[in-house]
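> Submitted below is the structure of interest, expressed as structure tokens.
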Amino acid sequence: MAIEGPLKELGIHDVFQLLDVSRKTGVLRITSKIRQNQGTVYFDGGAVVYAEIQSNPHRLGELLVRTGKVGEADLSRAREIQQRGDRRRLGEILVEMGVITERELERQVRQQIEEVVFEMMSWQEGYFSFIEGPLPAFAGDGAVRLPTEALLMEGARRIDEWSRIESKIPHLDMVPALPPAEQASEGLLDLLPSEWEVLAAIDGERSIRGIAALLGRTEFDVAKIVFGLSTAGIVMLAERRRAVGGDLAQFQDVGELVRQGASALAAEDLEGARAAAQAAVDRNAHDPAAQVLLGRIALAERREAEAEEHFRRALRLDAMLVDAHRLLGQAVALQGRFAEAVEWWQRWLQLGAGSPDRSAQVDRIQEAVHAAQTLEMLLRGFHD
């Protein structure tokens, strides 16, 4: 059974209540064209068991690694155990391995779900679609069930509290910093442990969003703490400084914008890189280098499908754009299409591997080709 329609006719709170009351099991997707975003919520008997959003696409394993709760090696071991036939959830395996406690696992999964749901609750426009049916295996990895009614009540409370916080923090890319020594308070600070934790992460460069990611805490909680610290005069708030050299309007040349964006990307300033790349595209939508830059940014944000589209667009504009072949191979490989990745990497080897400035990449790509071919053969063997 499918339920769908525009949010202007049935608000998101009403959609959640409908699925809760009717005890539905299935997947709810909400797409917002204005925000260029899509959220997905997984329901089991009316309760929310998992959620993810396009603007921050991290499933459980990636989330635990990103927040430093689990190492890459431990995650790989847990997935190998699953692949050998173990039917337990990924979270259960990680707990048994001793790399994370059951309580911390639940906290991380609950936080992921709440962040997505609470952001989607603020959407006034968009289109929703609910498909009833069994859930994919990963949706139950964390073994968490959140009552929908409780999420709706907390969401309403947060929306009210955000209206107060927004007076000082209009968006999550605001950067908190310590005031100059001459302006700092001379009294002793009496802070809660959570406030000390956030204060210690403030360096004048990280945004509120960045601090939340670093600490593995919700963006709402960090924003609320920073709001309190700012109100008390302990920290100052400023707009994020662009690594691309300030006002992009000064760069009229598309090539210069692409170079500035590449520099920002190298400095891991994804926001600044995307701003420069978008400005380049606004000046010339048919510039292939700008499309490559957008693709590289999408790869850094783990949006492989979006990256693939940018690299394909670049190659349609310039079929001899050498690095686009290599990067397109990477994008499709990350989506599990290894045979196609090999084709693109081999084209890259034919087109530009002889260039001296690419010699360091040749060995890596040749190894990737061999690994992808081997994996493709192994996977095909499972179907024989």
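> If I ask for residues that are surrounded by fewer than 14 Cβ atoms within 10 Å (Cβ to Cβ), closer than 23 Å to Leu215 by Cα and of a type in the set (D, E, K, R), which ones from the stretch 76-112 would you list?
Correct list: Glu102, Arg103.
> Which residue out of Gly255, Gly295 is touching a helix residue (DSSP H, G or I) at 6+ places or on another chain (Cβ under 6 Å), assigned to a helix (DSSP H, G or I) and not charged (D, E, K, R)?
Answer to the check: Gly295.
> Restrict the check to the stretch 316-327 and report whether at least one residue is in a helix (DSSP H, G or I), within 20 Å of the chain's Cα centre (by Cα) and free of Cβ contacts under 8 Å to residues at least 60 places away in the same chain.
There is at least one residue in the stretch 316-327 that is in a helix (DSSP H, G or I), within 20 Å of the chain's Cα centre (by Cα) and free of Cβ contacts under 8 Å to residues at least 60 places away in the same chain.
> Please list, ordered by first then second residue, the pairs with beta carbon atoms under 7 Å, 6 or more apart or interchain, first in the stretch 255-268 and surrounded by 22 or more Cβ atoms within 10 Å (Cβ to Cβ), second not in a helix (DSSP H, G or I).
Here the result reads Leu257/Phe251; Gln260/Val244; Gln260/Gly245; Gln260/Phe251; Gly261/Val244; Ala264/Ala243; Ala264/Val244, each pair linking the stretch 255-268 to a residue that is not in a helix (DSSP H, G or I).
> Another question, if that's okay. Just checking, does the stretch 330-343 include any residue being part of a helix (DSSP H, G or I), within 20 Å of Ala262 (Cα to Cα) and of a type outside the set (A, V, I, L, M)?
Taking the stretch 330-343 first, the residues part of a helix (DSSP H, G or I) are 330-333, 338-343.
Right, trim to within 20 Å of Ala262 (Cα to Cα) and you get 330-331.
Remaining after also requiring of a type outside the set (A, V, I, L, M): 330.
Yes, there is a match, as at least one residue in the stretch 330-343 is part of a helix (DSSP H, G or I), within 20 Å of Ala262 (Cα to Cα) and of a type outside the set (A, V, I, L, M).
> Just one of the numbered conditions (1) of a type outside the set (Asp, Glu); (2) at pLDDT below 65; (3) within 23 Å of His286 (Cβ to Cβ) is not true of Val322; which one?
(2)
> Let me ask something else about it. Of the conditions (1) over 17 Å from Gly46 (Cα atoms); (2) at pLDDT 85 or above; (3) surrounded by fewer than 19 Cβ atoms within 10 Å (Cβ to Cβ), Gly126 clears all except one; give me its number.
Going through the list (1) over 17 Å from Gly46 (Cα atoms); (2) at pLDDT 85 or above; (3) surrounded by fewer than 19 Cβ atoms within 10 Å (Cβ to Cβ), Gly126 breaks only (3).
> Taking the stretch 180-218 on its own, how many of its residues are farther than 18 Å from Val65 by Cα and either assigned to a loop (DSSP other than H, G, I, E, B) or at pLDDT 80 or above (or both)?
From the stretch 180-218, those farther than 18 Å from Val65 by Cα are 180-208; that's our starting set.
Next cut, either assigned to a loop (DSSP other than H, G, I, E, B) or at pLDDT 80 or above (or both) only: 180, 184-208.
The qualifying residues number 26.
> Does any residue of the stretch 337-356 turn out to be at pLDDT 85 or above, small (Gly, Ala, Ser) and buried (at least 21 other Cβ atoms within 10 Å of the Cβ)?
Just the residues of the stretch 337-356 that are at pLDDT 85 or above, to begin with: none.
Scanning the stretch 337-356 turns up no residue that is at pLDDT 85 or above, small (Gly, Ala, Ser) and buried (at least 21 other Cβ atoms within 10 Å of the Cβ).
The values are calculated or read from the model by the stated rules, or taken from the named source; none is laboratory data. Please read all numbers here as calculations on a predicted model, not as lab measurements. Counting neighbours? That spans all protein chains shown, and the Cβs are built from the backbone with ideal geometry, glycine included.
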